[in-house]
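The block underneath contains the structure these notes are about, expressed in structure tokens.
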Amino acid sequence: MWEDAIRDYSKGIELNPNNFNFYNNRGLAYGNLGQWDKAIMDLNKVIELDRKINLHIHIGMPHKIN
């Protein structure tokens with residue numbers, strides 16, 4: 001299930017690399033699989049694309065769990 005979501009969001013990123021929602025959702029999917037490094041990279045990309053969004057709580061979760 002999460003692998004399918006990652007594949008779909010990755011395709012979305014290929015088509016529209018400036019859509020932060022794809023990175024956000026893929027990052028959360030990576031987090032659900034315990035792939036924390038990939039999750040953090042995607043969530044950092046969300047912040048890079050939209051400075052107004054506050055994802056620091058999401059980014060802190062993998063560090064807390066790991």
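Residues are listed down the side, and each one gets a yes or a no for (1) buried (at least 16 other Cβ atoms within 10 Å of the Cβ); (2) of a type in the set (Phe, Trp, Tyr); (3) modelled with pLDDT of 85 or more:
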residue	(1), (2), (3)
TYR9	yes, yes, yes
GLY27	yes, no, yes
TYR30	yes, yes, yes
LYS38	yes, no, yes
ASN44	no, no, yes
HIS63	no, no, no
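Pairs please, first residue from segment 5-24 and small (Gly, Ala, Ser), second anywhere and in a helix (DSSP H, G or I) and surrounded by fewer than 16 Cβ atoms within 10 Å (Cβ to Cβ), Cβ atoms under 9 Å, 6+ apart in sequence or on different chains.
Correct list of pairs: ALA5/ASN32; GLY12/ASN21.
The values are calculated or read from the model by the stated rules, or taken from the named source; none is laboratory data. Note that the coordinates shown come from a computational prediction; the quantities given were computed from them, not determined experimentally. Cβ: placed from backbone, ideal geometry, glycine included. Neighbour counts: every protein chain shown.
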